[in-house]
Amino acid sequence: MSSANVYVFETPQDLAEAAAKAFAQKATRSIRENGRFAVALAGGSTPKALYELLAARYRNALEWSGIHVFFGDERTVPPDHEDSNYRRAYEALLSRVSAGSVHRMRGELDPREAAVLYEKELTAFFNGPPRFDLVLLGVGEDGHTASLFPHTPALDVNDRWAVENPVQKLGTTRLTLTIPSINAAQKVTFLVAGEGKAEALKEILEGDVHPYDYPAKLVRPAAEPDWFVDRAAASLLGRL
C-alpha cells in the first residue's frame with residue numbers, strides 16, 4: 001500500500017475509544033452537510049468494543065435517524081446465528097439505537113441471490129453506484145478484509161458492488177462488498193488489534209508481496225485510509 005494514515009494506541013480499548021470519536025465526528029459532519037451518514041460496518045471481534053461504546057456514550061449525542069447502516073460482509077447463516085455479523089452488531093449497537101435504516105446481507109438465502117439483492121438495495125439507496133461515507137474494515141491474520149480472502153474469485157470482480165465469494169479453505173461461501181465499492185467510499189478505516197495481526201499488518205503496509213496474497217492491500221480509496229491499530233498489532237512495523 002503506497003500511503004496510509006497509521007494511528008497506534010496502547011490498548012484495544014484506547015483504539016475503540018478513538019474510533020468511536022472519529023465515527024461520531026464523521027457522522028455529525030455528514031449529516032450536517034448531506035442530511036445522512038451511510039456506513040458499512042465490519043464484522044469480527046475488534047469492532048465490537050467500538051459498537052458498544054457508540055451505544056453507551058453516543059446514543060444521545062448522535063442523530064441516529066440520519067445514520068444508515070450497511071455491512072461489509074456476512075457469513076451464509078441466518079441473522080440470529082451466533083456467527084452472523086448482523087447479530088453481533090445488533091446485540092452490541094443496533095438494538096440500542098434507532099438508526100435511520102439498517103440494510104443487512106441476507107445470509108440465510110442462496111448466496112448468489114443474496115448478493116444480487118444486496119446490490120439492488122445498494123443501488124436503490126445511493127441512486128446509483130454506492131458511495132459510503134465510511135467503511136469500517138478489519139484484517140485477518142491471513143491478510144483478508146471484509147470477506148475478500150487471498151486468491152478468491154471476488155478479488156477479480158470490478159463490475160459489481162457485492163458478490164458471493166467461495167472460500168475454499170473455509171469450506172464455505174461468504175457475502176462481501178467488492179473492492180470497487182469499498183474504494184469508492186469517502187473514508188475507509190481499518191481497526192486492527194492483537195499481536196496475531198502483526199505479521200499481516202507489516203506485509204500490508206510495508207511489504208511488496210502480491211495483493212492477492214494479502215487482499216487488504218487492494219483497498220486504495222481516493223482518500224488515504226486510516227489504520228487504527230493497537231501496540232501489539234503494530235509491533236513489527238518499521239515506520240514506527
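Values in this text are rule-based calculations from the coordinates and carry no lab data. If you're wondering where the values come from, they're calculated on a predicted model, not measured in any experiment. With ideal geometry, Cβ positions are generated from the backbone for all residues, glycine too; neighbour counts draw on all protein chains shown.
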Spacing of the two label points (7 Å from each Cα toward its C-beta) at residue 108 and residue 29, in nm | 3.9 nm
With springs only between Cα atoms under 10 Å, which of 186, 168, 13 fluctuates most in a Gaussian network model of the chain?
-> 168
In debye, nearest 20: dipole of the chain around its Cα centre with unit charges on the Cβ of K, R (+) and D, E (-)?
-> 740 debye
Under the Karplus curve 6.51 cos²θ - 1.76 cosθ + 1.60, θ = phi - 60°, whole-Hz ³J(HN,Hα) for the stretch 210-218, x wherever Gly or Pro sits = 5, x, 5, 7, 9, x, 4, 5, 7
Assigned charges on the beta-carbon of Lys, Arg, Asp, Glu; the stretch 7-97 dipole about Cα centre (debye) | 400 debye
Could you sort out which of 48/169; 26/217; 197/217; 169/197; 48/120 sit more than 21 Å apart by Cα distance in this structure?
-> 48/169; 26/217; 48/120
Expressed as a whole number of Å, what is the distance separating the alpha-carbon centroids of the stretch 116-145 and the stretch 20-41?
-> 16 Å
Long-range HN-HN contacts of residue 190 with modeled amide H, under 5 Å | 137, 226, 227, 228
Under 5 Å, built H, 5+ apart or other chain: amide partners of residue 107 = 77
Under 5 Å from the placed amide H of residue 172, counting only residues 5+ away or on other chains, we find 167
Stretch residue 123-residue 142 to full length: gain in nm at 0.36 nm per residue minus the Cα-Cα span?
-> 3.7 nm
Computed magnitude of the charge dipole of the stretch 171-221 (debye, nearest 20; Cβ of K, R +1, Cβ of D, E -1) | 300 debye
Dipole-positive endmost among 179, 122, 167 within the stretch 116-204 (Cβ charges, Cα centre) | 122
FRET efficiency, 1/(1 + (r/R0)^6) with R0 30 Å, evaluated for residue 170 and residue 98 via beta carbons | 0.30
Dipole-positive endmost among 147, 216, 65 within the chain (Cβ charges, Cα centre) | 65
